[in-house]
Amino acid sequence: MQNDMMIERSKAGQAAQTVRVKPKWHMTVLHVVYYVILVLFLVFYMLPFWGALVSSLKSNTEAISTSPIALPQQLSMEGYSGAMDLLAVSLLNSLVVTIFGAAGSVFLGSICAYALGKWRFKLNNVFFILLVAATYLPFQAILIPLLNNITSYGLYDNIWGIVLAHSIFGMPMCTTMMRGYYAEVPDALIRQAMIDGNGMWQIYRRIVVPNTKLATITTFVFQCTSIWNEMLFALVLANQGDSAQAPLATIVLNSFVGSTGVEINQLMAGSMILALPMLIIYVFMGKYLISGQMSGAVTAS
Amino acid sequence: MEKIQLFLNNFYKMTFEGKGAFWGIILAAVLIALVYIFAERLRNRLKKKSVFLLAVPILLLGGFVLLLVNSCNYVPLSQRTAQNAATYAWEQTTKKSENTLQYTSDIKNSASGKAYEQSYIFSDILGQLTVKETSDHVAEDYAVTSADETATLTFRPDGTYLFSTGDGAEETGRYVYADKALTLTSDADGSETKVGKTSSKLRYTTADGANKKEFGIKELKEKFVIEETAQYVPETFTLTSTDEASTLTLNPDGTYVFRAAEGGAEEAGHYVYRGNELILANAEGNSAFWKNFGAESFWLIFAIVVAAVMILVFLFQKQIKAFLNKHPMIWLLIPAALLIYFVYVAIGWNVWVSVSDWADHSQTASYGWGGFGQYAKMFGDSSFWSAVLNTLKLFLIIPVCLLLGLGLAIIMNQGLKGTPVFRTLILLPFALSFVVTGLIWQQMFNGNGGILVKFFEVLGVTLNINWTSNEMVMYSIMLVMIWQFSGYVAVIFLAAIKNVPVNIINAAKLDGAYMPRVYRKMILPQMTGAMGSCITILAMYALRSFDLIYSLTSYTNPASATLPIMMYNEMYAHDNYAYAAAISCFLLVMVLILIMPLTYATNRRKR
């Protein structure tokens, strides 16, 4: 029995070696099969993008009358100009919320990550567990108190209220992400700086932050993507409807559905406008963002 | 350009107006941080005695900032016609629907020492006041088409409307636009359809109930303009309070005079009748220093506190520095406090709301003990159990995504040409906002002429699936989630496979190992970490699935309601805050039961 298996294995090994030298016909077939599978999945993943892109480039009448996956007979920017008109204010609001919210949460998160990753203090494990557990918090569970808090600060229907919420609830994720990056700063460097007479926060300012610029930028961009795409806080902490002062782009775009003033090409163009910054970020930085999130998830889990 | 201006205006308003407390805290933090940063340099320049001299310019600066901030809010009395009265906190508003007009004055009753609080019969004055509502009807014929483009609703200038279904049946009625709401009254049975200003959809049902149509009426609303002119009484009108002690006199020029019973003490102010509300703006308040500050009285106290803190900091500089050097972790209290208050205290608060006596259909918070009635209601509610089932159904995406991701990752690991491009492209769905995903997939699922239907038509297959029917809708949502997450999982798995040292695999190959066996025995065991985090992340998305369902279907559709959706629906559509809190508590428990052991298990395996 044992011998038979050995023989089989060596046969398989020989086969594997011959494959490397001279591809056999069945390997070529296998590659063709792989390519077919890849193309099928590519169609599955890209079909919605294609439909949205094509519809957004059609004029209104053409978007209604023709098939949504056919190429436009005539390129038209009608949809984009209409969508920009409707979305302009809310896009600027979203931009402010995204930048300040991400900056706030990265700042808070990096302080916690530095203290937790490089130092020991009383109750540090408790603090870390509290932070990590907050990463998994379903926001519905704190929605009513949050709404009450924000209203009592006079920040309801105000972009600063949303910025505040994002700064606080982005903090746990930022901490776990940045803790992974700060672990790579060598302890010897910090010890050396301490010998030179630097205090804890001087080391943070002079050594840790300048040496982890790329990590900070990655975390910042990651926070930007999640805040830009987020909907729940924008929905709950701001007024809805015509009188809203602080509408964010996601909410305004969602409210397009069903209002007759907005045509299908404008809807798709609005979606593309909202998606474009994120698509660009993910094309160029996707690898770093995902590895950052994973390092966060690994330290967290 | 004007859009940008609009944004800047809003931004200015939101940032600087009436946020005394919030900006006070921020300014205090900034000032204290500045003191901390510059203390070192200042100490070198200043001797201890001159610290008090420094306090003077600081106080002056603080006062200047105070003035500046207050000038944003301050409107001189002469300009303070009652039109902008509504922005002031100490006003008394009475709505048309209420019977009595309550007036609380600043004048103290000499006997009791309390302020006067008088009530007047409100309906007396309503006869004197009218608001001119122009344009109850459209200026010229205007037709809206229903969402499915079959029926039309035509509004005529004479106040009648005509509803015609696509197949020739017609129904007529009268409409009017008043009190910011459009009301349709059917001629057939007198039934009323009403739609408010904030809603953008009009649902019309014919008298026999056969035809239900939905119209988007965003543009229609612009056809109606209500010119609300501030209205005052035509001639001086005097009200007597219900206890016949005091009088309230309204003048045609928009001022009123309140006369208390004894000694003839008087109080004057402005009033306006607008939008079915009578608003009284107390002029006395404007001259009183504290009231001028209103909520901003906070600022004065705040400035004093900041000045005191700064002086203390300068006085005890050395001690403070020594303390901070000894306890550098003290700064960590700021994020820790935020975390504990906004997450853990908030969870406790939420639990308390769920057992409080906060009344149903009410936005007014009440925090008395109300018992476990909400939980009893929740566990007896069939729609709640269907929401739980729907939430659990979403967990099915986890095995599907893991299998797809693993398969794609293995294929991508074969060294085929074009793999990097493929990897970049399959990650793109993950970059999208759930709102965008929802909108695009609405077009995919669209029954007549949607992307999916047309695509399969090109392939020669007639697709006849009603994606949004009650039975299918959860599966449609799962398909969308798989579309969004499987590529992401594949990319993570590919990275994990690449992490396995090539040497071991080559050694195994040399020993004659069969490739599938290498994957099963050598690579998969190394991927448990990545798999564990993927499961956690996917489970979180399944449990917190709110945005996608909200934009893909709607939060009111019970067939696609998950727990977050149901909670939002109870909170916003029905104002059942206590019930919503109970649902979210159940959700939290689900997260604790389903996610935490998973996290713990992956954690243990790693060590």
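Throughout, read-outs are computed from the coordinates displayed, never taken from laboratory work. For clarity, every value in this text was computed on a predicted model and none was experimentally measured. Here the Cβ positions follow ideal geometry from the backbone for every residue, glycine too, while neighbour counts run over all protein chains shown.
Some points to look at:
- For region B:160-173, 3J(HN,Hα) per residue [Karplus equation, 6.51 cos²θ - 1.76 cosθ + 1.60, θ = phi - 60°, Hz, x = Gly/Pro]: 10, 10, 10, 9, 10, 6, x, 9, x, 5, 9, 9, 10, x
- Neighbourhood net charge (12 Å Cβ-Cβ; Lys/Arg +1, Asp/Glu -1) for residue B:562: +1
- Relative contact order %, region B:473-569, counting alpha carbon pairs below 8 Å whose residues are six or more apart: 31 percent
- Other protein chain Cβ atoms within 10 Å, averaged over every residue that makes up A:25-31: 1
- Both numbers refer to the Cα atoms of region A:79-300; Rg and Dmax are 19.8, 69 Å.
- Counting Cβ atoms of other protein chains within 10 Å of each Cβ in A:107-117 and taking the mean gives 2.
- Cβ crowding within 10 Å ranks B:13, B:509, A:122 as A:122, B:13, B:509, fewest other Cβ atoms first.
- For region B:391-490, the list of trypsin sites (Lys or Arg not before Pro) that fall in a loop by DSSP and count at most 16 other C-beta atoms within 10 angstrom reads B:417.
- Average beta-carbon neighbours from other chains, 10 Å sphere, peptide B:240-252: 0
- Overall form of region B:389-606 per C-alpha gyration tensor (a/c, 1.5; a/b vs b/c): oblate
- Along region A:40-45 the Karplus relation, 6.51 cos²θ - 1.76 cosθ + 1.60 evaluated at θ = phi - 60°, assigns HN-Hα couplings of 4, 5, 4, 4, 4, 6 Hz to successive residues, with x for each Gly and Pro.
- Here the peptides B:562-571, A:31-40, B:490-499, A:170-179 are ranked by packing, the mean other Cβ count within 10 Å, and the order with the highest first is A:170-179, B:562-571, B:490-499, A:31-40.
- The string of couplings for region B:335-352 from the Karplus curve (6.51, -1.76, 1.60, θ = phi - 60°) is x, 5, 5, 4, 4, 5, 5, 7, 10, 7, 5, 5, 5, x, 4, 5, 4, 5 Hz, one whole number per residue in order, with x for Gly and Pro.
- Proxy reagent accessibility, fewest Cβ within 10 Å first, across B:266, B:149: B:149, B:266
- Between residue A:198 and residue B:9, the simple spin-label model (points 7 angstrom out along Cα→Cβ) gives 5.0 nm.
- Here region A:52-165 is treated as a Stokes sphere of Kirkwood radius computed over C-alpha pairs; at 4 °C and 1.567 mPa s its diffusion coefficient rounds to 70 µm²/s.
- For residue B:151, residues with placed amide H under 5 Å, excluding near neighbours: B:146, B:166
- Residue order, fewest to most surrounding Cβ atoms within 10 angstrom, among A:182, B:344: B:344, A:182
- Sum of side-chain charges, residue A:68 neighbourhood, beta-carbon under 10 Å (Lys, Arg +1; Asp, Glu -1): +2
- Summing Lys and Arg as +1 and Asp and Glu as -1 over all other residues whose Cβ lies under 15 Å from the Cβ of residue A:78 gives a net charge of -2.
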